[in-house]
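> Dropping the structure in here first, questions after.
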Amino acid sequence: MRRDKTNTPDESTISRRSIRILRKFLMTLVITWSLVCLMLVLFESFLIYPAPKFPAGDWEPDYAHENVDFKSSDGTKLHGWLLRSEATTSRHILICHGNGENVAYVTNGFGKYIRRNFKANVFVFDYRGYGKSEGTPHEAGIKLDGEKAMDVFCEKLGVKPDDVIVLGSSLGGGVATHIASTKGCKALVLQRTFDSLVNVAAKKYPIFPVRFLIQNRYDSLAALKKYTGPVFQSHGTADRVVPIDHGRKLFQATTHPKSKFTPIEGNGHNSALPLSYWEAFDDWLTDIEAKGDE
């Protein structure tokens, strides 16, 4: 018996259908990819600056501190806490916190710890848009905030930038490195920070043109090349937010013979710093102060 082929699609019809399906699929991919790119642009500030504002955090701590209100160089009103050492000291530490913190979090954490255990004057300030500071966070403005915080800290204590240790954690490492490269400092302490925010984002989102899209770049690698003082840098080996390779690459830009890189085994990006870290930091700081930084 002969087979009836009147309702059977021929090969050309199947081919045309396949092409149409493929075109629709590719178009969907292109549209989705474009929408994600647009979302990355529109929500960049939200992703980079979660910015906890007052009253988030403990703003009535059980220890003495001085509220410091000041203005950035563009007039933005900023706020910080100054913790004066209970003993006479030559240690002055300016802290630049991470992107998900504010003064109340940091000062109640290792800010207070540093003042007590390292007998230091400590100044923690909030970037624009954080804590009680006004304005909206963005790279250029936050760098201005860091520069002014150094000026205010020095004015309060009657010291010079060369007397101040600048400590930056995560995003604050980008701010601290900028301060060191523009204002100078006695020493630079970096915790779980990056070579550049662009490099971190590009590695995290490899299928998107992040290097062309991102506005907040924080090129710490370039900034660190302008700073010639000692650096104490640490990074957790289990950091998934800013992988340790970014920290190692940044450290390669240091030139001072007493600079030191300290990997922390098993430590994640938001893990508490172990006692071994503080012991290593204390030894390094004692060496810097005892023998000078020449």
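> All but one of (1) modelled with pLDDT of 85 or more; (2) loosely packed, with under 13 Cβ neighbours inside 10 Å hold for F43; which doesn't?
Checking F43 against (1) modelled with pLDDT of 85 or more; (2) loosely packed, with under 13 Cβ neighbours inside 10 Å, the one that fails is (1).
> Exactly one of (1) out of contact with any Leu (no Cβ under 8 Å at 6 or more places or on another chain); (2) closer than 23 Å to I114 by Cβ; (3) crowded, with 16+ Cβ neighbours inside 10 Å is unmet by D282. Its number?
The failed condition is (3).
Okay, residues lined up against (1) surrounded by 18 or more Cβ atoms within 10 Å (Cβ to Cβ); (2) under 18 Å from the mean Cα position of the chain (by Cα):
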site	(1), (2)
L38	no, no
Y49	yes, yes
W59	no, no
S72	yes, no
L82	yes, no
V103	yes, yes
A120	yes, no
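> Looking for something surrounded by 23 or more Cβ atoms within 10 Å (Cβ to Cβ), in contact with a Pro (Cβ under 8 Å, 6 or more places away or on another chain) and part of a loop (DSSP other than H, G, I, E, B) - is there at least one such residue anywhere in the stretch 131-151?
no
> Further, regarding this structure: Do we have any residue at all in the stretch 256-272 that's assigned to a helix (DSSP H, G or I), under 21 Å from R115 (Cα atoms), out of contact with any strand residue (DSSP E or B) (no Cβ under 9 Å at 6 or more places or on another chain) and in the same structural domain as A223 (by TED's automatic domain parsing)?
No: zero hits.
> Select the strands (runs of 3 or more DSSP E) contained entirely in the stretch 56-123, then report the ones holding at least 3 residues which are modelled with pLDDT under 95, within 14 Å of F153 (Cβ to Cβ) and of a type in the set (G, A, S).
none
The values are calculated or read from the model by the stated rules, or taken from the named source; none is laboratory data. Source: prediction; values computed, not measured. Virtual Cβ from ideal backbone geometry, glycine too; neighbours counted across all protein chains shown.
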